[in-house]
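Following: one structure in structure tokens, then a few remarks.
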Amino acid sequence: MLQSAIEVMPRDLSAYKTGNTGIDYVHRFESGKPGPHVMINALTHGNEFCGMTAACHLLDTGLRPLLGTLTISFANVQAYETFNPESPFESRLITHNLNRVWSSQWLDGNEDSSELRRAREMRPAVAAADHILDIHSTSQDVVPFWVYPGFARNAAVAMALPSPGVHLVMPSGMNSGTPLIQHGQHGKATGSGTAMVVECGQHFLQATGDLAIKISLDYLAHFGLIQQRLESTTPQRRFELISTHVIANDDFVFSRPVVGFETFANGELIATDGDQEVRSPCDDCTIFMPARSVKVGHEGVYLTRPLN
């Protein structure tokens, strides 16, 4: 059944390997005019094809910034190249989640993996960007949404763009590692510039890639790098991350079938994890990104509350 839903297959990215930055799969275009440095990043997870679709579109159409600097990057190409349609979720990563290792503890540590090597390679490019759009997708077919650290500068940009209209705001990070959008200055309240993830829809749907292209163009237009008329914004729904439950046992199970955006009453059982019960910490607790499969040490579910 899943195979019939794979509408987008990976394409050969070898033509994009040699960029102009000294970092494989990282391309930078300077306008020669003052302006912000904006980064569009794809494939932080290897099976999230919408970012690949958007980055290829920007490169294939020869888009160049009217002002400032544009960087377009493909992150975890090594994982991407392991894709097998018989097990399409397994190419997400090889060893480490590339979207949880962007702290000095990991980047300056002694541990080694393909993801850590790639993060260390990309570190200068990420640090150089004023504004970062990191393009992602979800295992379930749920509404698209923003994810960003809870700084006013991020919220202002997300709320100014036409879509998506759902926001997951992180007041204190992911609580399970440091994502790319919180590397360096982007993880500091005193930092400048913005950094956000956009979750564009289910991994393998064409509509997800189409939306990723649109949002990329909207993001660039917002900062003046291209000319594009922005549509009116959709109604905004904002949620604040309360906690992230990391799976501790192989018998982790939800109390009922979930795909994301289900709401639980205060104290209601959401899941069990061995002897631990995961219960709603408030009324109208909405869950995000419930785990599709049980993997100890990986995120099981994000618990949020609605923001006015």
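Values in this text are rule-based calculations from the coordinates and carry no lab data. Please read all numbers here as calculations on a predicted model, not as lab measurements. We place every Cβ from the backbone using ideal geometry, glycine too, and count neighbours over all the protein chains shown.
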1/(1 + (r/R0)^6) with r = Cβ-Cβ of Glu111 and Ser87, R0 = 22 Å, i.e. FRET efficiency to nearest 0.05, evaluates to 0.25
Extension length gain for Ala15 and Leu66 (0.36 nm per residue less Cα distance), in nm, is 15.9 nm
Applying 1/(1 + (r/R0)^6) with R0 = 25 Å to the Cβ-Cβ distance of Asn308 and Lys188, what FRET efficiency is obtained, to the nearest 0.05? 0.45
Once the Cα gyration tensor of the range 16-154 is diagonalised, semi-axes √(5λ) in Å: 24, 18, 17
Modelled label-to-label distance, Ala5 and Ala127, 7 Å Cα→beta-carbon offset: nm? 4.1
Neighbourhood net charge (15 Å Cβ-Cβ; Lys/Arg +1, Asp/Glu -1) for Ala265: -2
Pop a pseudo-label 7 angstrom from the Cα along the beta-carbon direction at both Glu231 and Asp283 and give the gap in nm to one decimal. 3.5
Table column - 3J(HN,Hα) (Hz), the range 160-176, Karplus curve with 6.51, -1.76, 1.60, x for Gly and Pro: 7, 8, x, 7, x, x, 10, 10, 10, 9, 10, x, 9, x, 6, 6, 9
Among bridges DSSP assigns within the chain, what percent are antiparallel (round to 5)? 50
Fewest to most Cβ atoms within 10 Å: Met159, Met9 sort as Met9, Met159
Given 0.36 nm per residue, what is the gain on full extension from Ala156 to Ser255 after removing their alpha carbon distance, in nm? 32.0 nm
Taking the Cα centre of the chain as the origin, how large is its charge dipole in debye, to the nearest 20, when only Lys and Arg (+1) and Asp and Glu (-1) carry charge on their Cβ atoms? 1040
